[in-house]
Amino acid sequence: MKSTGIVRNIDPLGRVVLPMELRKILDLKVQDPVEIFTHGSDVVIRKYRPSCVFCNRDGSMLQFKGLYVCSHCIAELASSEEDFTENEIL
Ligand SMILES: [Zn+2]
């Protein structure tokens with residue numbers, strides 16, 4: 001992790017403003033979603049990247065009924081569909 005040397009105060013509502021320069025560098029625009037993580041006692045804010053509901057990969061995703069599925073899992077699901085139709089549902 002790299003220090004930016006920037007120190008900000010949390011306001012009474014618990015908000016912290018991300019400096020404009022950081023937002024430009026990270027290509028964060030108004031209303032862009034960010035994801036908040038903890039790492040030990042640290043708080044990490046990352047530009048939100050949807051991940052696959054099955055394997056947690058990020059990257060190229062298809063959104064289906066509000067859930068993200070990666071191309072690997074789509075291929076796996078497509079190949080298992082044949083197995084599924086050949087087996088009886090118990
Ligand atoms: Zn996947």
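FYI, it's all coordinate maths here, none of it is from the lab. Everything quoted here is computed from the prediction, not taken from an experiment. FYI the Cβ positions are ideal-geometry reconstructions off the backbone, even for glycines, and counts take in every protein chain you see.
Given the DSSP H assignment, sum -39500 (n - 2.57) over each helix run of at least 4 residues in the chain and divide by its residue total; what's the result at 222 nm in deg cm²/dmol, nearest 500?
About -7500 deg cm²/dmol.
Over 14 Å apart: what share of the alpha carbon pairs of the chain falls there, rounded to a whole percent?
Of all Cα-Cα distances in the chain, 77 percent exceed 14 Å.
Say a site is exposed when it is one of the trypsin sites (Lys or Arg not before Pro), sits in a DSSP loop, and has at most 12 other Cβ atoms within 10 Å; what is then the longest site-free stretch of the chain?
Here the longest segment lacking exposed loop sites spans 30-64.
When the Cα atoms of the range 4-50 are enclosed in a convex hull and the volume is divided per residue, what value in Å³ results?
With only Cα atoms used, the range 4-50 gives 110 Å³ per residue.
To the nearest 10 degrees, how steep is helix 71-86 against the longest Cα principal axis of the chain, on a 0 to 90 scale?
Result, in degrees: 30.
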